[in-house]
Amino acid sequence: VLISLIAGLFLWFIAILTSPYLPSGLQRSLSFIPGAYADVRTGKDAIESIEWRVEIWQYCWEKAPEYFWVGRGSAFNVYDAVGNLGRSDIIEFTPWFAYITRSYHSGPLTLLIDYGLVGFVMGSWRLFSIIKMTVNGTKKISKYNTTESRFCLALASLLIWEVISFYLVYGQMPKFSRIIVAAAVVSVLINSIVKIYESKKNENQRSQALEI
């Protein structure tokens, strides 16, 4: 816990120190960190982005009860969508545009509206189980100071970020599919690393026993 706290403080310090020299896109991404620098325009864009997402979520949440039992599905007809959208909807990316094109920017809303209550529960459970599997797996392989284990830890960190970003930021179903595939790859790597080094450990113990 102490090591994690020190690492977190170190990364916070680095973010504050480097933020004035980062491109505006990265400044916008880091603008939520206390003390991180963002110029006036970038800070305004970040605030407007949050407000825009909240507006979309409020609008789509009002539509959600219609699809509690049977979701509307994630596919849509482009020609029908264009016919239901005005020029301003497309240019300004209004909540109506987000609703029509299934661009809710929210994992829970995507699962609930497109796949119903059952899809929401099953999808959320699957994402939670992936994070649980990944965290438990990283605890097992973190004791192995090898290139393979470090590579797997990097992939596991990326996988956890993918789950969090799907659920809280993007909510796009293609990302959900990639998460499932990535989780399978990480799981295989973790199990392989554990088996390899447990096998080596057993062989060393047998060799020591024979020497005795």
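Key figures for this structure:
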{"quantity": "Test for Leu112: is it part of a helix (DSSP H, G or I), at pLDDT 85 or above, more than 12 Å from the chain's Cα centre (by Cα) and closer than 30 Å to Trp69 by Cα", "calculated": "yes"}
{"quantity": "Check on Arg72, open to solvent by 50 Å² or more (accessible area, probe 1.4 Å) and either hydroxyl-bearing (Ser, Thr, Tyr) or over 23 Å from the mean Cα position of the chain (by Cα) (or both)", "calculated": "yes"}
{"quantity": "Of the criteria (1) open to solvent by less than 70 Å² (accessible area, probe 1.4 Å); (2) part of a helix (DSSP H, G or I); (3) of a type in the set (A, V, I, L, M); (4) in contact with a Phe, Trp or Tyr (Cβ under 7 Å, 6 or more places away or on another chain), which one Ala81 fails", "calculated": "(4)"}
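The values are calculated or read from the model by the stated rules, or taken from the named source; none is laboratory data. Keep in mind that this is a model prediction, so the values were computed, not measured. FYI the Cβ positions are ideal-geometry reconstructions off the backbone, even for glycines, and counts take in every protein chain you see. Heavy atoms of the whole protein, side chains included, go into the accessibility calculation; ligands, DNA and RNA do not. Shrake-Rupley method; radii C 1.70, N 1.55, O 1.52, S 1.80 Å.
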